[in-house]
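The values are calculated or read from the model by the stated rules, or taken from the named source; none is laboratory data. Because the structure is a prediction, the values reported are computed rather than measured. FYI the Cβ positions are ideal-geometry reconstructions off the backbone, even for glycines, and counts take in every protein chain you see. Keep in mind that these areas ignore ligands, DNA and RNA; they rest on the heavy atoms of the full protein, side chains included. Shrake-Rupley method; radii C 1.70, N 1.55, O 1.52, S 1.80 Å.
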Amino acid sequence: MITSVPRPEYPRPQFVRDNWKNLNGTWEFEIDQSRSGMERGYADPKHHLSGSITVPFCPESALSGVAYKDFMYGVWYRREVEFSEEEAKGRAFLHFGAVDYECDVFVNGEAAGHHKGGYVSFAFEVTKLIHPGTNVITVFAADDTRDPLIPRGKQCELYHSHRCDYTRTTGIWQTVWMEFTPAVYIKSVRLDPHAALGSVTMTVELSDTGALCAGTKVCSAPAESAGNTGCSGVPFTARVSYEGKTMAEVSAVFAGGTHVISLPLLEKHLWEPGAGRLYDVSLTYGEDRVESYFGLRDIRLAKDGFYINEVPVFQRLILDQGFYPDGIYTAPTADELEKDIERSMDMGFNGARLHQKVFEERFLYYADRKGYLVWGEYPSWGLDHSRPESIYGILPEWLEEIRRDYSHPSIIGWCPFNETWDKHHCIQCDDVIHTVYLATKAADVTRPCIDTSGCFHVETDIYDFHDYEQDPAVFKAHYGSIPADGVLYNRFDEKPSLRHGDCKGRQRHKGEPVMCTEYGGIKWTGSMAEPSSDTTSWGYGKNVANMEELKERFRGLTDVLLDNPMILGLCYTQLTDVEQEQNGLYTYDREPKFDPAWVRSAVSRRAACEKT
């Protein structure tokens, strides 16, 4: 059931402040197909919009109250917000979980900021724009799912959902909130755990004390002192604890800037698959206080295994699209985010590819807590990667995503592109793929990166492949053993397909570690209790005749991947049905289609690469 304030929980669990205001709920709303609202005065705080919407749900969704499914090239939002004298006294930041795709924000008619990219959180400081009493926030969002330089992920370019593309999302689709801080505040913290050393390194970014803090409670310099441009510093403290017991603590005096702090921990409590043991972190800087956390774990990739804390872990992943029937991109409640992880784990999976979507931070929080392994991905589909300028459509926001999610222990790898098929008979620009890979490695040296999942690899840490072959015997002939030359079977070297043409020679396995990151996708319409004879839905391969045939196919395909010591992980397609795509282990309404115990028995047995 939706509460009076939908999605009321704090949206950023790894960087928590107490002083905040949730702005979800009813906003004024209007579609602006001609994108002429600015000229017509829509940013004027006195201008009212003609309709209403429930934020944070996109206007395509039922939960938004709009449920408009056609293309929207521009949308406007307006809301009046009350701020107290206390709230307006310090610094104020207006946060957006995500707005698809490009947006302009106004506060009381003044421009607050512009953001490009539909999937990652952003914020604007609005300290000088707000005042005690009634304030007006106005948002304009522009989108074009058919623009070849705008990434869309699995949002459909056609009017109707089609095959593995689904209902579009326009505008605000995650929580909007205000946050209030003292004059000097903690900007960010990056947490690098070192399990072998039993320590953590914090990279803390602090606001400059400067003239802004002169005369405030945290600065002894009087505001009127001649030539005053700041102060000698502000007290800073970092404390790490585990289940309430102090593990490390340090104090210093800083006048802003970025500081790297290494802390040895009193005790080791390792973060492991299925056991998300988390350390709590408290940071104070003057009057500002932030709560965070981290998991103590190391990752090491080798040709013979993927190691977490030097223990080989076979990745039993599920493909998770992150779509919901009533909220589209947005889960109706935070509980549903957590339950999707539990649904996956109930069926024997220890992680997921968060596929063609940047998942919200609260999902990652639940994954961190449960020891659930996930790959951070970007919704690259729709972007014409054959054009060199497409790099501007992915790289800036991709680096924002890595920065936002870097400290989550559940994220064990990055994957910026997925299946870079030819665009209008033009092959991918390898320089774009390669540059994004290099930028990823520069931004994060601690995790592996798959350059473009499935095809066509340029430079990658893991050679992954997708194969929806439905015959276990054929699948075994291709992937059942290590080839004598150590080079993996490449399905693109076979005859050209009608859909993708001749792809021979486009990629080569060069001895990198191997994973199968998409397989299966067996179509089954309806639930376990009520299978359906519907023939209009879509899935991979020939339909199964009955449950026994499905079990035989599922186990046969999965056994091939588990039994090959060369293969370090698998990813089954997929967790739930999504609209017309009916190949999930659960229905779109999250009802199990198969006995979880049976699926778990097939997936969770020991893999050949897992050493005793």
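Looking across the range 74-99 at every residue that is under 24 Å from the mean Cα position of the chain (by Cα) and in a loop (DSSP other than H, G, I, E, B), the one that is farthest from Leu158 (Cα to Cα) is identified as Gly97. Here Glu9 fits the description: surrounded by fewer than 20 Cβ atoms within 10 Å (Cβ to Cβ), modelled with pLDDT of 95 or more and in contact with a helix residue (DSSP H, G or I) (Cβ under 9 Å, 6 or more places away or on another chain).
Being over 18 Å from Gly305 (Cβ atoms) and in contact with a strand residue (DSSP E or B) (Cβ under 6 Å, 6 or more places away or on another chain) narrows it down to one residue among Tyr540, Tyr489, Tyr572; which is it?
Values: Tyr540 fails: in contact with a strand residue (DSSP E or B) (Cβ under 6 Å, 6 or more places away or on another chain); Tyr489 fails: in contact with a strand residue (DSSP E or B) (Cβ under 6 Å, 6 or more places away or on another chain).
Answer to the check: Tyr572.
Results for (1) assigned to a strand (DSSP E or B); (2) polar (S, T, N, Q); (3) closer than 23 Å to Asn309 by Cα; (4) at pLDDT 95 or above, shown as yes or no for each residue.
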residue: Val218; (1), (2), (3), (4): no, no, no, no
residue: Glu224; (1), (2), (3), (4): no, no, no, no
residue: Gly227; (1), (2), (3), (4): no, no, no, no
residue: Phe236; (1), (2), (3), (4): yes, no, no, yes
residue: Ile261; (1), (2), (3), (4): yes, no, yes, yes
residue: Glu267; (1), (2), (3), (4): no, no, yes, yes
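Could you please let me know if Glu549 is modelled with pLDDT of 80 or more, under 28 Å from Asn350 (Cβ atoms) and outside any loop (DSSP other than H, G, I, E, B)? It is true that Glu549 is modelled with pLDDT of 80 or more, under 28 Å from Asn350 (Cβ atoms) and outside any loop (DSSP other than H, G, I, E, B).
Within the range 54-82, can you find the residues that are among the aromatic types (Phe, Trp, Tyr) and open to solvent by less than 10 Å² (accessible area, probe 1.4 Å)? Residues satisfying the conditions are Phe57, Trp76, Tyr77.
Inside the range 316-332, residues that are under 20 Å from Gly569 (Cβ atoms) and either modelled with pLDDT under 95 or part of a strand (DSSP E or B) (or both) make up a count of 5. Conditions first: (1) within 28 Å of Asn309 (Cβ to Cβ); (2) without any contact (Cβ under 8 Å) to a residue 40 or more places away in the chain; (3) not polar (S, T, N, Q). Asp335 passes all but one, so which condition is the exception? The single condition Asp335 does not satisfy is (1). Considering only residues that are crowded, with 20+ Cβ neighbours inside 10 Å, within 18 Å of the chain's Cα centre (by Cα) and more than 30 Å from Lys542 (Cβ to Cβ), which ones fall in the range 445-468? Answer for the range 445-468, where residues must be crowded, with 20+ Cβ neighbours inside 10 Å, within 18 Å of the chain's Cα centre (by Cα) and more than 30 Å from Lys542 (Cβ to Cβ): Pro448, Cys449, Asp451.
Looking for whichever is touching a residue at least 40 places away in the same chain (Cβ under 8 Å) and either assigned to a strand (DSSP E or B) or exposed (fewer than 15 other Cβ atoms within 10 Å of the Cβ) (or both) here; the options are Met515, Met528. Which one fits?
From the options Met515, Met528, the qualifying one is Met515.
Checking each residue in the range 407-422 for being touching a residue at least 60 places away in the same chain (Cβ under 8 Å), open to solvent by less than 10 Å² (accessible area, probe 1.4 Å) and in a loop (DSSP other than H, G, I, E, B) picks out His408, Pro409, Ser410. I'd like to know if the range 294-311 contains one or more residues that are over 30 Å from Asp467 (Cα atoms), open to solvent by less than 10 Å² (accessible area, probe 1.4 Å), of a type in the set (Gly, Ala, Ser) and in a strand (DSSP E or B). Within the range 294-311, one or more residues are over 30 Å from Asp467 (Cα atoms), open to solvent by less than 10 Å² (accessible area, probe 1.4 Å), of a type in the set (Gly, Ala, Ser) and in a strand (DSSP E or B).
Mind checking which residues of the range 469-491 are closer than 20 Å to Leu550 by Cβ and open to solvent by 80 Å² or more (accessible area, probe 1.4 Å)? First the steps, then the outcome.
Step one: filter the range 469-491 for residues closer than 20 Å to Leu550 by Cβ, giving 469-476.
Across the range 469-491, the qualifying residue is only Lys476.
Okay, residues lined up against (1) in a helix (DSSP H, G or I); (2) open to solvent by less than 10 Å² (accessible area, probe 1.4 Å):
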| residue | (1), (2) |
| --- | --- |
| Phe349 | no, yes |
| Arg362 | yes, no |
| Tyr366 | yes, no |
| Arg369 | yes, no |
| Gly376 | no, yes |
| Leu383 | no, yes |
| Ser386 | no, no |
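The listed residues are Gly539, Gly526, Gly501, and the only one of them that is within 22 Å of Cys429 (Cα to Cα) and modelled with pLDDT under 90 turns out to be Gly501.
When you scan the range 152-166, do you find a residue that is closer than 17 Å to Asp100 by Cα and of a type in the set (Lys, Arg), even just one?
In the first step, residues of the range 152-166 are kept if they are closer than 17 Å to Asp100 by Cα; the result is 152-157, 165-166.
Filter again for of a type in the set (Lys, Arg), leaving 152, 154.
Yes, the conditions are met somewhere in the range 152-166.
Among the residues of the range 273-293, those identified as in contact with a Gly (Cβ under 6 Å, 6 or more places away or on another chain) and outside any strand (DSSP E or B) are Pro273, Gly274, Gly276.
So is Ala195 surrounded by fewer than 24 Cβ atoms within 10 Å (Cβ to Cβ) and modelled with pLDDT of 95 or more or not? It would help to see each step written out before you state the result.
Working: surrounded by fewer than 24 Cβ atoms within 10 Å (Cβ to Cβ): yes; modelled with pLDDT of 95 or more: yes.
For Ala195, the condition - surrounded by fewer than 24 Cβ atoms within 10 Å (Cβ to Cβ) and modelled with pLDDT of 95 or more - is met.
Considering only residues that are part of a strand (DSSP E or B) and not polar (S, T, N, Q), look in the range 569-612 and name the one that is most open to solvent (accessible area, probe 1.4 Å).
Just the residues of the range 569-612 that are part of a strand (DSSP E or B), to begin with: 569-573, 576, 578, 581, 586, 592.
Add one more test, that the residue is not polar (S, T, N, Q), and what stays is 569-572, 578, 581, 586, 592.
Working: Gly569: 0, Leu570: 0, Cys571: 0, Tyr572: 6, Val578: 1, Glu581: 2, Tyr586: 11, Pro592: 41 Å².
The qualifying residue most open to solvent (accessible area, probe 1.4 Å) is Pro592.
Of all residues in the range 423-448, those satisfying the criterion of being under 22 Å from Asp165 (Cα atoms) and assigned to a loop (DSSP other than H, G, I, E, B) are His424, His425, Ile427, Gln428.
If you go through the range 16-44 one residue at a time, how many are part of a strand (DSSP E or B) and either of a type in the set (A, V, I, L, M, F, W, C) or exposed (fewer than 15 other Cβ atoms within 10 Å of the Cβ) (or both)? So that I can check it myself, show each step before the final result.
Filtering the range 16-44 down to residues part of a strand (DSSP E or B) leaves 16, 20-22, 25-31.
Those still in the list that are either of a type in the set (A, V, I, L, M, F, W, C) or exposed (fewer than 15 other Cβ atoms within 10 Å of the Cβ) (or both) too: 16, 20, 26-27, 29, 31.
So the answer is 6.
Do the conditions hold for Val313, that is, is it within 21 Å of Arg404 (Cβ to Cβ) and modelled with pLDDT of 95 or more? No: the conditions fail for Val313.
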